[in-house]
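J.: Structure provided below as structure tokens; questions to follow.
The values are calculated or read from the model by the stated rules, or taken from the named source; none is laboratory data. What you are looking at is a predicted structure, and each value in this text was computed from that prediction instead of being measured. Ideal geometry is used to build each Cβ from the backbone, glycine not excepted, and the neighbour counts take in all protein chains shown. Just so you know, the surface numbers come from the protein's heavy atoms only, side chains and all, with ligands and any DNA or RNA stripped out. Shrake-Rupley method; radii C 1.70, N 1.55, O 1.52, S 1.80 Å.
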Amino acid sequence: MEREWLFSLIPLTIGAVFFSFGVYGVRHASALRRTGITAKARIVRHDVRRDDEGATFYHPVAAWTARDGRTCEYSSRFGRAVVGNDFGVGAYVVVQYDPEAPHRFAIEGWDLRAVDLLFTVLGAMFTVGTVTVLVVRLLTL
């Protein structure tokens, strides 16, 4: 085995990055479920972001008053290409936020746990698959 093994670093790196993002998202969501506070919020606007290919994503900005009286207004970490009436400007939604760091929040019905789980599973598959191929290749030399 000469330099071919270097090409296996590509899926291994992709897998490790996906897995890290997925685990971070899953841990963030479970921490909010355990210690988060629920509040009624209103969508005040959408942050519009474009990717490199020109696709447009809308991230709703939710505003609410925290339990301690602070006014909070933050953009969701998830964006979608289409915004339904339930998440349009002026719509009332339920958010769950971290009382110590209100910028860590989730909009119920918008922030999907499935995305974090998908990244975790794909990352694990890439990583385990690549390591398995490398081990088999090393053992059969």
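J.: Among Val115, Thr65, Val135, flag the residue with its Cα farthest along the positive direction of the charge dipole of the chain, charges on Cβ as +1 for Lys/Arg and -1 for Asp/Glu.
T.: So the residue we want is Thr65.
J.: Tilt of helix 113-139 relative to the longest C-alpha principal axis of the chain, in degrees (0 to 90, nearest 10)?
T.: 10
J.: For segment 74-141, list log₁₀ I(q)/I(0) at each q in 0.12, 0.27 Å⁻¹, using the Debye formula over Cα point scatterers of equal strength and ignoring solvent, two decimals each.
T.: Once normalised to I(0) and log-transformed, intensities are -0.53, -1.19.
J.: Sticking with this structure for a sec: I need the P(r) histogram for segment 1-74: all alpha carbon pairs, bin width 5 Å from 0 out to the longest distance, whole percents.
T.: Calculated P(r), rounded to whole percents: 3, 11, 10, 12, 17, 15, 10, 7, 5, 4, 3, 2, 0.
J.: Could I ask something else about it? What distance in nm separates the two pseudo spin-label positions at Ser20 and Ala91, each 7 Å out from Cα along the beta-carbon direction?
T.: 3.4
J.: If you count only protein heavy atoms with a 1.4 Å probe, what accessible area per residue comes out for segment 1-55, rounded to a whole Å²?
T.: 73
J.: Taking the Cα atoms of segment 28-132, what is the range of coordinates along each of the three principal axes, in descending order and whole Å?
T.: Result for segment 28-132: principal-axis Cα extents of 53, 36, 19 Å.
J.: In square angstrom, rounded to the nearest 10, how much accessible surface does Thr127 have for a 1.4 Å probe?
T.: Probe radius 1.4 Å; accessible area of Thr127 about 40 Å².
J.: For an R0 of 30 angstrom, estimate the FRET efficiency from the Cβ-Cβ distance between Val136 and Ile37 and round to the nearest 0.05.
T.: Given R0 = 30 Å and the Cβ-Cβ separation, E is 0.05.
J.: Can you give me the % of accessible surface on the chain that is carbon or sulfur? Probe 1.4 Å, all protein chains present, nothing else counted.
T.: Taking all protein chains in place, the chain shows 61 percent carbon and sulfur surface.
J.: Moving on to the next point. State, in angstrom, two size descriptors of segment 1-44 derived from its alpha carbons: Rg to one decimal place and Dmax to the nearest whole number.
T.: Answer for segment 1-44, Rg first and Dmax second: 18.9, 60 Å.
J.: Which residue, chosen from Ser30, Ile43, Ile10, occupies the Cα position most advanced towards the positive end of the dipole of segment 1-71, where the dipole is computed from +1 (Lys, Arg) and -1 (Asp, Glu) charges on Cβ about the Cα centre?
T.: Of the candidates, Ile43 comes out farthest on the positive side.
J.: Taking the Cα centre of the chain as the origin, how large is its charge dipole in debye, to the nearest 20, when only Lys and Arg (+1) and Asp and Glu (-1) carry charge on their Cβ atoms?
T.: 360
J.: Mind giving me the FRET efficiency for Leu122 and Glu4? R0 is 25 Å, r the Cβ-Cβ distance, nearest 0.05 is fine.
T.: 0.60
J.: Can you tell me the accessible area per residue over segment 69-141, all protein chains present, probe 1.4 angstrom, in square angstrom?
T.: Computed with neighbouring chains in place, this is 62 Å² per residue.
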